[in-house]
Amino acid sequence: MLSLCLTLSGAQGEGNSLSNSQVETCSFISELAVLKEKLNTMDQKLGAVETRLQVSESQVEELKSVNKAQEEELKTLKKDIAAGQPKVAFSAALRTSGSGYIGPFNTHTPLQYKRVFSNFGSGYNAATGVFTAMVKGVYYFRYTMFYNGNANAVVALMKNEEFLVSTWDATSGSSEDSASNAAIVQLEVGDNVFARLSANRRVYDDGGNYNTFSGFLLFIN
């Protein structure tokens, strides 16, 4: 129909005239063609929106699954606390893969132990390297430190902003050195404990997992 209108329009240019009804019909057909193009464009946009919604829904479901797992862990912890037997323990190493130095940094920095061997009670956060007490009690913490090369490693165990114990390897020359330290501390709910790498220092690790951070609840009080 649109091609017919174009043909008739061409004929009009050669001296023929179109009736008013023909002109209105051709105008209506042209408007329908434009409307069809707009509808096709809208369909494409709607398809893109539906795709984004599907991706968002999938992400929401994943978050719900993670939240549900965390809720179950917290429920278990609450039951253990109510029974007087909370289970809190974790152990982690610096690297999940590869090898190399961690640091140096311009400021004191918590070491992030990424390879988590255990995390009962979900108190340890691998993204920050910080353990947060969810149960008031007495805890045991231990960390190990390793350096490969010209000695330049200093690590300290911290409770919030309080310095507890440390290890140093800064004057022994070029070698492979390892050290460890530990502490038993009283924690209130919300207290944080972490291993802190001193400014301008660094440690070395590989698949041997020489640098570790562990802790567990001894008893509640």
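You can think of it this way: the chain between residue 127 and residue 34 has 28.0 nm of extra reach, that is 0.36 nm per residue less the Cα-Cα gap.
When a/c is below 1.5 the answer is rounded, else prolate if a/b is larger than b/c, else oblate, so apply that to the range 106-165 with a ≥ b ≥ c taken from the square roots of the Cα gyration tensor eigenvalues.
Prolate.
Once the C-beta distance of residue 162 and residue 114 is scaled by a Förster radius of 35 Å, the resulting FRET efficiency is 0.90 to the nearest 0.05.
Listed peptides 141-152, 39-50, 156-167, 120-131 appear in the order 141-152, 120-131, 156-167, 39-50 once ranked by packing, highest mean of other Cβ atoms within 10 Å at the front. Using the Cβ of residue 155 as centre and a radius below 11 Å, the other residues enclosed give a net charge of +2, where K and R count +1 and D and E count -1.
The relative contact order of the range 88-154, computed from alpha carbon pairs under 8 Å that lie at least 6 residues apart in sequence, is 30 percent. Residues whose amide H comes within less than 5 Å of that of residue 191, counting only those at least five positions distant or on another chain, are 133 (H built at 1.01 Å from N in the peptide plane). Using 0.36 nm per residue and subtracting the Cα-Cα separation, the extra length available between residue 150 and residue 50 on full extension is 30.2 nm. Peptides 58-64, 89-95, ordered by how many other C-beta atoms sit within 10 Å of their residues on average, highest first, read 89-95, 58-64. Put simply, the amide H of residue 129, placed in the peptide plane, has neighbours under 5 Å in 113, leaving out anything fewer than 5 places away on its chain. Applied to the range 149-162, the Karplus parametrisation 6.51 cos²θ - 1.76 cosθ + 1.60 on θ = phi - 60° returns per-residue 3J(HN,Hα) values of x, 5, 3, 7, 10, 9, 10, 10, 8, 10, 10, 6, 9, 8 Hz, with x for Gly and Pro.
3J(HN,Hα) along the range 34-49, derived from phi through the Karplus expression 6.51 cos²θ - 1.76 cosθ + 1.60 where θ = phi - 60°, amounts to 5, 4, 4, 4, 5, 5, 4, 5, 5, 4, 5, 5, 5, x, 5, 5 Hz, with x in place of Gly and Pro. Panel note: the C-alpha atoms of the range 144-191, placed on their principal axes, show extents of 42, 16, 13 Å (largest first). Rounded to the nearest 20 debye, the dipole size of the range 126-221 about its Cα centre is 140 debye, using +1 on the Cβ of Lys and Arg and -1 on the Cβ of Asp and Glu.
Couplings for the range 179-185, taken from phi via the Karplus curve 6.51 cos²θ - 1.76 cosθ + 1.60 with θ = phi - 60°, read 8, 8, 7, 8, 7, 10, 9 Hz in order; Gly and Pro are left as x.
Every number in this text was worked out from the coordinates using simple rules, so none of it is lab data. Because the structure is a prediction, the values reported are computed rather than measured. All Cβ positions, even for glycine, are placed from backbone atoms using ideal geometry, and neighbour counts span all protein chains on display.
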